[in-house]
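Laboratory data are not the source of any read-out in this text; all were calculated from the coordinates shown. Computed from a prediction, not measured in an experiment: that's the story for all the values here. Cβ placement follows ideal geometry from the backbone for every residue including glycine, while neighbour counts extend to all protein chains displayed.
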Amino acid sequence: MKTDSGDYSVEFNSKLLNKTYTLSVIKAVPKPTITSSCNPDKTSCTLTCEGNTTDAEPVTYSWKVGEGVWEDLDKQINVNKSDTGKSTNSYKYICKMKNPVSEEVSDPIGQRFGPKAVPKPTITYTCNTDKICILTCEGDTTDAEPVTYSWKVGEGAWEVIGKRLIVSKSDTGKSTNSYKYICKLKNSAGEGEVSDPVGSVFYPEPSEVGDGGIVVVVVSVAIVALVAIVITVWLVWKKKKEYPQDTWIDFLRKYCGGMCGVPLTPNTKTGEDGADKAGRGQGNEEAVLKPTITSCNSNTFCILTCESDTTDAEPVTA
């Protein structure tokens, strides 16, 4: 009994010997258990080798990590996820209690460190010519596994499906492109992260444009043509101001000739096109030189100018 502990001496033949003996009654140690307390990020934990050691002292504590050797340490040890090799959570931790009369070993524990929080995912997608698209929920899940992937289509409920979602334009209600697709990553570290929605992964066929699309195209072409006509008329009117003495018919002959639907006036002196033959001067005038016709102004109209040196040859008609 514990109460039998104390100092003892021996009496022999009614004679008390000088030597004394100290008796300690010690209970066997219990089988310990390991408890842990970790920080919120589960990157650092304190492990405690627990057990009722009343009447079992003195007790020593030893720890074994993974396949390592036993080390005599304290009742508590601190372990960090950044410790070499331990961030994989594959290590097992075991503790041992020992006193002069017994020893006991705990059951091993592992996975003390929680996984890394999942990142916010993004959705990428590829489609084939058969109007089938593969949507992928992308995100770096290194040190975050195991991760579950959930999808939400339109106003539907979340469904745990997988990293990839296959959708077809022929799916009921989805051919309108009005559905939005959202994915979510989740692990034991928290509630998970949700992607931004994507939609309109299917593109309309040319026939799906309908009469409304044709009307828009026709109206657009008409507007462009009208703008071109307005600009042309404005340029012609602006040019006419440089020839106030000419009638519009004469001006149009000078300005655009045959391109405006007005034939060039024949040369009264030669009966031929003035651009081909030079007339001769009358009286004291010098004979006019052979003229040349200059270039077009743009792809929509040309300015034809009858060029020549008319010094000392005036008056000259063109």
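Assign one of three labels to segment 122-203, namely rounded, prolate or oblate, based on the Cα gyration tensor with a ≥ b ≥ c the square roots of its eigenvalues; rounded applies when a/c is under 1.5, prolate when it is not and a/b is larger than b/c, and oblate otherwise.
Numbers: a/c = 2.57, a/b = 1.89, b/c = 1.36.
Prolate shape, in that a/c is at least 1.5 and a/b is the bigger ratio.
Of LYS75/LYS116; LYS131/LYS163; LYS116/LYS180; LYS163/LYS186; LYS81/LYS152; LYS75/LYS98, which sit over 23 Å apart, Cα to Cα? Beyond 23 Å: LYS75/LYS116; LYS116/LYS180; LYS81/LYS152. Among 132-142, 150-160, sorting by the average number of other beta carbon atoms lying within 10 angstrom of each residue, highest first, gives 132-142, 150-160.
The slack in the chain from TRP248 to TYR8, taken as 0.36 nm per residue of separation less the alpha-carbon distance, amounts to 71.9 nm.
Within a 10 angstrom radius of the beta carbon, how do LEU47, LEU23 rank from fewest other beta carbons to most? Please list the in-between numbers first.
Details: LEU47 21, LEU23 9.
Ordered from fewest to most neighbouring Cβ atoms within 10 Å, LEU47, LEU23 come out as LEU23, LEU47.
Determine the gain in length on full extension of the stretch GLU145-VAL227; use 0.36 nm per residue of separation and subtract their C-alpha separation, reporting nm with one decimal.
On the way: separation 82, 0.36 × 82 = 29.52 nm, distance 6.26 nm.
The span from GLU145 to VAL227 would gain 23.3 nm if fully extended.
Note on segment 1-70: Cα-only Rg and Dmax are 21.3, 73 Å.
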